[in-house]
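A.B. asks: I am attaching a structure below and will ask some questions about it afterwards.
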Amino acid sequence: MVNEKEIQAKEEHEKKKNLVKRELDYYAEKMQEFGLKSMDRFLKYCPDPSKYMQLGITFAHKDLELVAEAIADNKPWAVISGLNPSGPLHLGHKAIFDELLWMQQHGADVYIPITNDESYTVGKTKSLAEARRIAYEQVIPSIIAMGFDSKKTHIFVDSDYPDIYNVAMDLSNKITLNKAFGVFGFDKKEEGENPGTMFYRAAVQVAQILLPQYEEFGGPKPTIIPVGIDQHPYILLARDIAEKKGFIPPAEMVIKFLQSLKEPGEKMSASNSDSCIFLTDSPETAENKIQKAFTGGLFSAEFQKKFGGIPEICSIYLLLKYHFLDLKEIKKLKEDYEKGKIMNSDLKKMAIKHVKDYLKDHQSKLEDAKKKMDKFLSKTPVKSILKY
């Protein structure tokens with residue numbers, strides 16, 4: 001007699017395996033299309049690679065060799081990672097900042113533009129003032145609470161750092177409108193879109209990326225931008241302008257963003273509060289989100305024990321992998337989940353404890369972080385471009 005439920009379980013298991021293959025194929029195709037290199041050589045020679053590099057979360061790069069030389073020779077280098085302040089930070093953001101912390105510990109000056117102007121111009125907030133308030137009340141304190149060194153961290157809110165617009169003007173005549181259209185995927189025939197906004201965003205973003213190479217910040221130096229693979233065109237634009245300006249084209253480091261709690265193949269997003277765990281969520285709210293999250297398991301314990309789970313698309317396994325377990329623990333958990341030795345309920349119980357402990361610890365540091373903000377905010381004037 002045909003066991004229809006077993007057939008259904010097999011089909012579900014196969015479907016989830018295909019999702020993993022589809023993702024792997026996508027990244028392989030994009031790496032080839034964009035001419036990106038794997039991290040294998042860096043891992044071979046770097047004595048202390050980050051956890052994300054060892055796990056293949058940081059998986060590809062362009063021109064990382066320049067940064068590797070700067071690390072080896074103890075020379076200046078910088079990393080730039082911008083952020084839209086449309087809401088609190090979430091655990092997806094934390095993954096990026098963990099990698100920035102590793103870079104800072106290996107000599108990098110960290111530049112963090114808080115792009116409240118972009119939050120407003122693309123409609124993520126109702127006003128520039130709202131985005132600015134979110135930046136100061138929620139985003140910047142969370143960044144500081146993660147443990148950055150104030151002496152090597154340069155945070156600025158675009159609307160409060162007018163020098164970034166002088167830098168954008170300095171670079172704007174090197175950006176063609178066609179380049180801007182290409183980067184932002186803008187169809188010139190589409191009605192209701194403003195090409196001026198596209199050009200503005202391109203100029204300001206390139207200014208943020210190239211700022212560390214201006215005279216006031218020590219001049220040309222190796223720099224690197226951690227991005228998702230879909231953001232590669234932005235780096236191409238910045239590299240093109242850097243060459244025209246006589247700067248060192250910025251390197252690129254590609255990171256797999258933390259998966260949404262709701263949908264495989266999607267990343268955590270502040271625009272969908274159920275997809276992510278905000279660093280300001282109460283422990284109870286976080287627990288509720290985890291209980292409802294998408295997993296890589298099957299619809300019954302019986303069949304999960306028989307066929308196993310698919311960790312690569314399980315949002316709870318990935319949450320633990322990114323943030324809360326060491327390399328040996330991750331390997332053991334993956335093996336046990338694939339063999340059906342661990343159920344979804346076990347994973348969720350483990351994640352709930354880790355996430356609750358982390359949120360309590362992080363939130364306990366926020367008030368002190370707010371008192372330290374002035375030490376982290378960059379106020380350096382960029383006057384070299386205004387000289388006669």
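The values are calculated or read from the model by the stated rules, or taken from the named source; none is laboratory data. Keep in mind it's a predicted model, so treat the numbers as computed, not measured. Cβ: placed from backbone, ideal geometry, glycine included. Neighbour counts: every protein chain shown.
A.B. asks: Taking Lys321, is it surrounded by fewer than 18 Cβ atoms within 10 Å (Cβ to Cβ) and either under 13 Å from Leu91 (Cβ atoms) or of a type in the set (Lys, Arg) (or both)?
C.D. replies: no
A.B. asks: Please indicate, with yes or no, whether at least one residue in the range 317-330 is part of a loop (DSSP other than H, G, I, E, B), hydrophobic (A, V, I, L, M, F, W, C) and at pLDDT 95 or above.
C.D. replies: Yes, the conditions are met somewhere in the range 317-330.
A.B. asks: Suppose we keep only residues that are in contact with a Gly (Cβ under 9 Å, 6 or more places away or on another chain) and farther than 12 Å from Gly92 by Cβ within the range 249-270. Which one would you say is surrounded by the most Cβ atoms within 10 Å (Cβ to Cβ)?
C.D. replies: Checking each candidate, the answer is Val254.
A.B. asks: Out of the residues in the range 281-316 that are part of a helix (DSSP H, G or I) and hydroxyl-bearing (Ser, Thr, Tyr), which is surrounded by the fewest Cβ atoms within 10 Å (Cβ to Cβ)?
C.D. replies: Selected residue: Thr285.
So that you can scan it fast, the table gives a plain yes or no per residue for (1) more than 30 Å from Gly308 (Cα to Cα); (2) touching a Pro at 6+ places or on another chain (Cβ under 9 Å); (3) not assigned by TED's automatic domain parsing to the domain that holds Pro283:
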site: Leu24; (1), (2), (3): no, no, no
site: Ala28; (1), (2), (3): no, no, no
site: Asp48; (1), (2), (3): yes, no, yes
site: Leu64; (1), (2), (3): yes, no, yes
site: Asp73; (1), (2), (3): yes, no, yes
site: Leu83; (1), (2), (3): yes, yes, yes
site: Gly92; (1), (2), (3): no, no, yes
site: Trp102; (1), (2), (3): yes, yes, yes
site: Glu118; (1), (2), (3): yes, no, yes
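A.B. asks: For Ala78, only one of the following conditions fails: (1) assigned to a helix (DSSP H, G or I); (2) at pLDDT 95 or above. What is its number?
C.D. replies: The failed condition is (1).
A.B. asks: Among helices (runs of 4 or more DSSP H) lying entirely in the range 105-153, which contain 2 or more residues that are polar (S, T, N, Q) and under 23 Å from Leu210 (Cβ atoms)?
C.D. replies: Those helices (runs of 4 or more DSSP H) span 116-121.
For (1) within 17 Å of the chain's Cα centre (by Cα); (2) loosely packed, with under 12 Cβ neighbours inside 10 Å; (3) assigned to a loop (DSSP other than H, G, I, E, B), each residue gets a yes or a no:
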{"site": "Lys10", "(1), (2), (3)": "no, no, no"}
{"site": "Lys21", "(1), (2), (3)": "no, yes, no"}
{"site": "Glu33", "(1), (2), (3)": "no, yes, no"}
{"site": "Asp48", "(1), (2), (3)": "no, yes, yes"}
{"site": "Ile96", "(1), (2), (3)": "yes, no, no"}
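A.B. asks: Next question, about the same structure. If I ask for residues that are over 19 Å from the mean Cα position of the chain (by Cα) and under 18 Å from Trp102 (Cβ atoms), which ones from the range 115-169 would you list?
C.D. replies: Asp149, Ser150, Lys151, Lys152
A.B. asks: Could I ask something else about it? Of all residues in the range 360-375, which are in contact with a strand residue (DSSP E or B) (Cβ under 9 Å, 6 or more places away or on another chain) and either assigned by TED's automatic domain parsing to the domain that holds Phe156 or within 30 Å of Glu284 (Cβ to Cβ) (or both)?
C.D. replies: Met373
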